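First up is the structure itself, then whatever we jot down about it.
The values are calculated or read from the model by the stated rules, or taken from the named source; none is laboratory data. Treat the numbers as computed from the prediction; the structure is a model and nothing was measured. Cβ sites come from the backbone with ideal geometry, for glycine too, and all protein chains shown count toward neighbours. Calculation scope for accessible area: heavy atoms of the full protein, side chains included, ligands and nucleic acids excluded. Shrake-Rupley method; radii C 1.70, N 1.55, O 1.52, S 1.80 Å.
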Amino acid sequence: MAVSANRLELLQIADAVAREKAIDRGIVIAAMEDAIAKAARSRYGAETDVHAEIEPKTGDLRLTRHMLVVEAVENPSNQITLEGARKHHPAAQVGDTIADPLPPLEYGRIAAQSAKQVIVQKVREAERDRQYAEYKDRIGDIVNGIVKRVEYGNVVVDLGRGEAIVRRDEMLPREVFRNGDRIRAYIYDVRREPRGPQIFLSRTHPQFTAKLFAQEVPEIYDGIVEVKAVARDPGSRAKIAVISRDSSVDPVGACVGMRGSRVQAVVNELQGEKIDIIPWSPDIATFVVNALAPAEVAKVVLDEDKERIEVVVPDAQLSLAIGRRGQNVRLASQLTGWDIDILTEQEESERRHAEFESRTKIFVEALNLDEVVGQLLASEGFGSIEELALVDQKELASIEGFDDDTARELQERAKEYLDKLEGELDAKRVELGVEDAVKEVPGVTTKVLVALGENGVKTVEDLAGCATDDLTGWTERKDGESKHEPGFLDGLDVSREVAEAMIMQARLKAGWVTEAELAPPPAPEAEAAPAEAPAAEA
């Protein structure tokens, strides 16, 4: 575009660019003004403050030079003395900016090319801003587009009013697109970039599957059926958990459709990816059993503190429960958010037998009992000497074969053993140099004192300076694998909450914090309940 175009051509060009790029006409005219001013500075000097104004209705172009009124001129290109300014502007004051008109210029080829670059850059920036504003609130939507080009495996998609990109790692395995192909994908991010696409699409995101079901299943779109969780192994298998808000609607049946028509439409879009649709349950044990389908589960054991679940399956179901390369159990773990350990019934039986023998041995050796008595205590569920010492004596006497005298004798032996053990541990604590003041910190036991002393924590200040990870250790998850770094109290069954409370109490005793800082924030006042509260949803 030549900068020397007449005024009507300027307006026509501005209108055409605004329509083509779907941006405001005023932005295009402002870009032209900047371009013309830059071209004029090449004639009058780079430091000259030249401004160009285009009348939006008539296209008239006016060039002006702005000068700052100062007492002493340092740069004559953009500064003028008060006396010089008052020759043409009698009311001028120091600090004012005066504008002198400049005659129209004929621009050379280089100036015109430079002006064109300015206009193109400004229009691109405006186009990117418009594109960002239009799509920033559409994260989580599915869009359809046409493949514009393929660059190093990344697919650039024309969305009509913007460009997006599907990176190579966000595409399904063995999926190939060519220029002109139609593509459907999920918007997972929209962000400002100095150059290149700002809209990032994915065909591997778990929510892409959920959104596809929302398009195919009217009950999901209407909110009757809800997708609670999705786990995917892109291109191979997926698990989707659904729940119905209407007891008369089967969520799984609604997603499958008549003769599988609805789920098949999603499978076709995902290049044959197999999809397991399972009913979601608020009971985690039931949910895990459903998630491991088609494998049958014999028993589950929950560890809520560690969010870990142990699943026992029949020997013949082990390979089915684990799946090819661990796929089934991995997807079930992603879907539920719990770590899942799978054992066969034989392995679980062998482990229970080993635990039974270990507990029996503890009772026999520590309390000097017959093996039969030790086995009886182990079979009744006692796992430690502490449990035996603290249990109600009547409960102990109610065990078949025991009486009050036997129960009293067992508890006396248990307490004597614990007292002896406590004395040995306290002596070791003193030998390690752990101060008595540390014993007064709430939650600190003698076993904890010894463990702290072995790790160099010997004063209240030492304990106050510890981090929670120092005491309990930490777990790093990477690529689905867990790496545990042990802490000072590893193996003593001290939770993170207890460890954190110990440290805060130590800081209180050391004077690092006050009681007010330790107190929990006041609970917000409960809002008045309405006269008739709606029934809670399942």
Can you tell me how many residues within region 495-528 are at pLDDT 80 or above and of a type outside the set (S, T, N, Q)? 17
Can you say whether Val252 is under 25 Å from Val329 (Cα atoms) and hydrophobic (A, V, I, L, M, F, W, C), as far as the supplied structure shows? yes
Hey, any hits in region 352-362 for a residue that's among the polar types (S, T, N, Q) and over 15 Å from Leu410 (Cβ atoms)? yes
Within region 452-469, the residues that are under 20 Å from Arg496 (Cβ atoms) and assigned to a loop (DSSP other than H, G, I, E, B) are Asn455, Val457, Gly465, Cys466, Ala467
So Gly381 ticks every box in (1) closer than 19 Å to Leu302 by Cα; (2) open to solvent by less than 30 Å² (accessible area, probe 1.4 Å); (3) among the small types (Gly, Ala, Ser) but one. Which box is left unticked? (2)
Members of region 204-238 that are without any contact (Cβ under 8 Å) to a residue 60 or more places away in the chain and of a type outside the set (A, V, I, L, M): Thr204, His205, Pro206, Phe213, Glu216, Pro218, Glu219, Tyr221, Asp222, Gly223, Glu226, Lys228
Number of the condition not met by Arg109 [criteria: (1) modelled with pLDDT of 75 or more; (2) under 20 Å from Ile36 (Cβ atoms)]: (1)
Any idea which of Pro76, Pro56 is modelled with pLDDT under 75, assigned to a loop (DSSP other than H, G, I, E, B), within 54 Å of the chain's Cα centre (by Cα) and not small (Gly, Ala, Ser)? Pro56
If I filter region 209-231 for residues that are closer than 20 Å to Leu335 by Cβ, aromatic (Phe, Trp, Tyr) and part of a helix (DSSP H, G or I), do I get at least one hit? yes
Counted residues in region 80-105 being under 23 Å from Ala39 (Cα atoms), open to solvent by 40 Å² or more (accessible area, probe 1.4 Å) and under 57 Å from the mean Cα position of the chain (by Cα) come to 2
Select from region 63-79 the residues that are farther than 27 Å from Ile36 by Cβ and of a type in the set (Gly, Ala, Ser) and list them in ascending order. Ala72
So for region 404-418 (the condition being in a loop (DSSP other than H, G, I, E, B) and open to solvent by 30 Å² or more (accessible area, probe 1.4 Å)), does at least one residue qualify? no
Members of region 499-513 that are in a loop (DSSP other than H, G, I, E, B) and open to solvent by less than 70 Å² (accessible area, probe 1.4 Å): Ala510, Gly511, Val513
